[in-house]
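Derivation of every value follows stated rules applied to the coordinates shown; laboratory data play no part. This structure is a prediction, so every number in the text was calculated from the model and none was measured. Methodologically, a virtual Cβ is constructed for each residue, glycine included, from the backbone with ideal geometry; neighbour enumeration extends over all protein chains shown.
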Amino acid sequence: MKGRLKGAQKGHSLLKKKADALQLKFRSILKKIIDTKQTMGEIMKEASFSLAEAKFATGDFNHAVLQNVNKAQIKVKTRKDNVAGVNLPIFESYQDGADSYELAGLAKGGQQLKKLKVNFGNAINLLVELASLQTSFVTLDEVIKITNRRVNAIEHVIIPKIERTLAYIISELDELEREEFYRLKKVQDKKKKIAKEKAALHAERKARGLDQGDGGPGESIFDEEHDEDLLF
């Protein structure tokens, strides 16, 4: 039982440290999300403005862009980041293949189109980063709730229950020890009383000349051959 108590206390300590580490990472991600959203607003503003500039310089190019689309050029890959035993998904964007619109804008508006692609590329990268942060935020939030519930359960339910059980066992063992001591004391007192009665009887018989044996009060009161069964 003491081993179980020690194990529960060790588990509580480890889970508490894990919860603290997760809380630290959680606050760090929250700060990054706030900063990223603020940056996202500025980048999307620039991207929208550059789109208006490109349309003004080259006209409407949506139809031409849609006709040349055959596969995605910007793709997303994922990896895992381990934080205190919790796997957090990390998303990263990358370009697959060459730029299909590298020659777009040769006739007119080339500078505006180039600026447009850069701004929207930055916006996509930031969106992917924000998605990664949001996913990690939600995952950490759930894990922290579960960890805190486990910490509270061990601290307020399991450990007190084991301590109460251990205290009950110790009190019962103490009570048994007191009962055993009292029983042995009563047995000893009973033996002394019997020996005293035997010695008195022997002295009386000797005084009357009825007993001439060698036995006497000098015999050991703990001699098992002369002990009688004691019942309580």
(request) Would you list, by chain and number, the lysines whose Cα falls below 19 Å from the Cα of residue 185, excluding same-chain residues fewer than 8 positions away? (result) 193, 196
(request) Report the local net charge at residue 88: Lys and Arg +1, Asp and Glu -1, summed over other residues whose C-beta lies under 12 Å from its C-beta. (result) 0
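Ranked highest first by the average count of other Cβ atoms within 10 Å around their residues, in what order do 162-171, 11-20 fall?
Going from most to least packed, we get 11-20, 162-171.
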(message) Tell me the net charge near residue 132. Cut-off is 13 Å between Cβ atoms, residue 132 excluded, with +1 for each Lys or Arg and -1 for each Asp or Glu.
(response) +1
(message) So, R0 is 25 Å and r is the distance between the beta-carbons of residue 161 and residue 20; what FRET efficiency does that work out to, to 0.05?
(response) 0.50
